[in-house]
Amino acid sequence: MVAENEETALIRVIDLAQQWSGCNFTRYNPSTLGRRVGRRMIDVRCQSVADYLDYLLTHPAEYPRLVSAMTIKVSRFFRDPEVFQLIDTVILPRIFARAAANNRQSVRIWSSACACGEEAYSIAILIAEILANEQTSHPNITLLGTDLDSQSLAAAAEGIYHREELLEISEPLRSRYFTQPLSLWPLQFQVAPQLRSMVQFTTFDLTNPTRLAPPSGIFSEYDFILCRNMLIYCQPALKLDILRRFFTCLRPGGFLALGRSESLPEYYTDRFETIDPRIKLYMKKETI
Ligand SMILES: C[S@@+](CC[C@H](N)C(=O)[O-])C[C@H]1O[C@@H](n2cnc3c(N)ncnc32)[C@H](O)[C@@H]1O
């Protein structure tokens, strides 16, 4: 009986989080959501989910904390350096070469679950380095960072990070692309204005059934979409919906990066060429 009440309370908590955020959590992995609610219960010292439900109903300030916990914000710059090595040496050069060969003036890249911007800025650093070493003119680059969580995106736009999050960045790159204004704590760094101006951050919910891509993505035709370490929390049907969205938004020959512990469902394995099976980089086939 008690267990049943707890289960009902959990469903109600998830439902309230859904109403508050607009995100459809019904197709996320229930066990992960349950664990994340458990974390919030510990933080606010609730002994049962039913108690937590009461707490939530009487403390509206808890909603953003709950939704933030349910959507998991772990990230860091150049997370998984081997992936960024391949992006730097293979993916970006191929994107730029292709744009030049087709006389195309624009390149479009979308970091679609970008947390506090670490992944989008990592890509921006690689692009800035490539452009700094290029003699010829280059296309206009749209680099979009989106996430469900507007608070994370506000932090991303501000671009202030603790030293721990920058551990994968070499010293020369750190001094080129980060500053340490006196207003910050000694272990904090801020992304340099030049880099901040390269990335547009905007909220976008990947479960949104009515919109395929963020507003500035209306014309889609992305060259590269990253969705790393988000699909792992989704049930298979939601994962398929999100991949269908990316498949539609990518131009033929465009690239897709997933997290290392994520993979393409069988339905898509014929539609993408695998660039590297270990680190989950794919290319949308030219003809299907
Ligand atoms: C673990 S972080 C991954 C961050 C980054 N991609 C990385 O690999 O380091 C997962 C991110 O997915 C976002 N997320 C979860 N559900 C989402 C949704 N429905 N739409 C957009 N972003 C979502 C979360 O807010 C969180 O920032």
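Under 1.5 on a/c is rounded, so check that first for region 58-214, then, if it is not, pick prolate when a/b is larger than b/c and oblate when it is not; a ≥ b ≥ c are the square roots of the alpha carbon gyration tensor eigenvalues. Oblate is the answer for region 58-214, as a/c is 1.5 or above yet b/c matches or exceeds a/b. Overall shape: rounded for region 2-71, with the ratio a/c of the largest to smallest alpha carbon gyration tensor axis below 1.5.
Rounded, prolate or oblate for region 87-153? Axes are the square roots of the Cα gyration tensor eigenvalues, ordered a ≥ b ≥ c, and the cut-off for rounded is a/c under 1.5.
Details: a/c = 2.57, a/b = 1.99, b/c = 1.29.
Prolate, because a/c is 1.5 or more and a/b exceeds b/c.
Please give the helix 62-71 orientation as an angle from the longest Cα principal axis of the chain, in degrees from 0 to 90, rounded to the nearest 10. Helix 62-71 sits at roughly 50 degrees to that axis.
Using alpha carbons only, the radius of gyration of region 118-189 set against its Kirkwood radius gives Rg/Rh = 1.00. Below 19 Å, Cα to Cα, which aspartates and glutamates can Lys284 reach? Residues fewer than 8 away in the same chain don't count. Reachable aspartates and glutamates: Asp88, Glu221, Asp223, Asp241, Glu262, Glu266, Asp270, Glu273, Asp276. Against the chain, whose longest principal axis is taken from its Cα atoms, helix 30-43 shows a tilt of about 70°. Over the chain, dividing the summed -39,500 (n - 2.57) contributions of all DSSP H runs of at least 4 residues by the number of residues returns a 222 nm mean residue ellipticity of -12500 deg cm²/dmol.
Highest first, please rank the peptides 22-32, 115-125, 87-97, 264-274 by the mean number of other Cβ atoms sitting within 10 Å of their residues.
Details: 22-32: 15.4, 115-125: 25.9, 87-97: 17.5, 264-274: 13.7.
Highest-to-lowest ranking by the protection proxy: 115-125, 87-97, 22-32, 264-274.
Largest mean-square fluctuation among Ile242, Ile42, Ile232, in a Gaussian network model of the chain whose springs join Cα atoms under 10 Å apart, belongs to Ile42.
A simple spin-label model places pseudo-atoms 7 Å from Cα toward Cβ; at Ile130 and Glu82 they are separated by 2.2 nm. Rounded to the nearest 10 degrees, what's the angle between the helix 2-21 long axis and the longest principal axis of the chain, both from Cα atoms, 0 to 90? Long axis of 2-21 versus the principal axis of the chain: about 40 degrees.
Laboratory data are not the source of any read-out in this text; all were calculated from the coordinates shown. If you're wondering where the values come from, they're calculated on a predicted model, not measured in any experiment. For neighbour counting, all protein chains shown are included, and Cβ atoms are generated from backbone atoms with ideal geometry for every residue, glycine included.
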